[in-house]
1. Of the residues LEU229, LEU301, which single one is within 30 Å of TRP42 (Cβ to Cβ) and among the hydrophobic types (A, V, I, L, M, F, W, C)?
2. Filter segment 272-281 down to residues that are without any contact (Cβ under 8 Å) to a residue 60 or more places away in the chain and over 23 Å from the mean Cα position of the chain (by Cα), then give me how many there are.
3. For segment 227-249, check the following and say yes or no: at least one residue is closer than 21 Å to SER169 by Cβ and touching a Leu at 6+ places or on another chain (Cβ under 9 Å).
4. Got at least one residue in segment 203-210 being in contact (Cβ under 8 Å) with a residue 60 or more places away in the chain, farther than 20 Å from GLU97 by Cα and within 22 Å of the chain's Cα centre (by Cα)?
5. Is at least one residue of segment 150-158 buried (at least 22 other Cβ atoms within 10 Å of the Cβ) and outside any loop (DSSP other than H, G, I, E, B)?
6. Considering only segment 1-17, state which residues are part of a helix (DSSP H, G or I) and touching a residue at least 40 places away in the same chain (Cβ under 8 Å).
7. When you scan segment 23-44, how many residues do you find that are loosely packed, with under 10 Cβ neighbours inside 10 Å and at pLDDT 95 or above?
8. Which members of segment 45-74 meet the condition of being closer than 21 Å to THR98 by Cβ, among the hydrophobic types (A, V, I, L, M, F, W, C) and not in a strand (DSSP E or B)?
Amino acid sequence: MLTIGYIGNGKSTNRYHLPFVLQRENIKVKTIYRRNPQRDNWGKIAGVNYTSDLDELLNDKDIQLIVVCTRHDSHYEYAKKVLEHNKHCLVEKPFMETSEQAKEIFALAKEKGLIVQTYQNRRFDSDFLTVQKVIEEGKMGDLLEVEMHYDYFRPEVPESVHSFDPASSFLYGHGCHTLDQVISYFGKPDDIHYDVRQLLGQGRMNDYFDLDLYYSGLKVSVKSSYFRLKERPSFAIYGKKGSFIKETKDRQEEHLKLFYMPDNKDFGIDTLKHYGTLTYVDEEGTVHEEKVKSVDGDYGLVYDDLYEAIINGKDKTITDEQTMLQMEILETGVKNLK
């Protein structure tokens, strides 16, 4: 049994973590710390201890892993405290505000023989897993171009912001998802072209990014905007012999926002209308177009990996090197914004 606790009792903990953890019989949630009990907006879970005393959580000898689900500007402070109390640590995204902070936290974990890791749940998105399956089947031939889009039409968000904070930028908050997907599958790029903007001008939030990552003969583009009335496809993959277009994103977040939880059999599952389309030319010159059944996603796989690493001593799936590379890309992307 892996016994865990949480720092933070907001949307992240209750929407993106607990619904998956509570499904797992080999993981027990013992304590949730929240600084301001009077601000609790989520119902209490039976059998879980709620406290406003951080030391109670940090000093509990039963708890092996503490999950930090707080604002990005407190990740460094809390992760350091967790490790100093000899607990393993999982930190919500973005991992840290700077690569220097990340380097220090990883070094501290190594010194103490502990695991610290960022919560990159989007590695386990249905659309991303389906893209990997299609690539590996080889029907598209050698890959030439991959486009990944994460679009919104929420103009009221950037219009309401009148200051710029690098670590709360759109690139940090959302680019970390798609960049982690790229790094996890394709590795470290040979070169990167950055186009990170404040469409409303300086002194406003970062509301757009377009990063091109180059791998030998392949270009992977990661693009997002707050001003896309019509979303671009989630993934568009092009090879020498064909293409794969996946219009819609993984549905886990959509269902979680509706409080439709993972204990439902069709939770997060694509139906026929959500399937991507594979088009390719075979060796005889015949063109094929077919719908590809989506691979099921599961954010809880992050916890399965951590269980194996902490309890059974297996290697982490989300490595320190991958997270450091991501932090460096995020820092570089916003360094010229003001």
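1. Answer to the selection: LEU301.
2. Qualifying residue count for the region: 5.
3. Yes, that holds for at least one residue.
4. no
5. no
6. Residues satisfying the conditions are SER12, THR13, ARG15, TYR16, HIS17.
7. So the answer is 1.
8. Hit for segment 45-74 is CYS69, nothing else.
The values are calculated or read from the model by the stated rules, or taken from the named source; none is laboratory data. Here the structure is a predicted model, which is why all the values come from computation and not from measurement. Methodologically, a virtual Cβ is constructed for each residue, glycine included, from the backbone with ideal geometry; neighbour enumeration extends over all protein chains shown.
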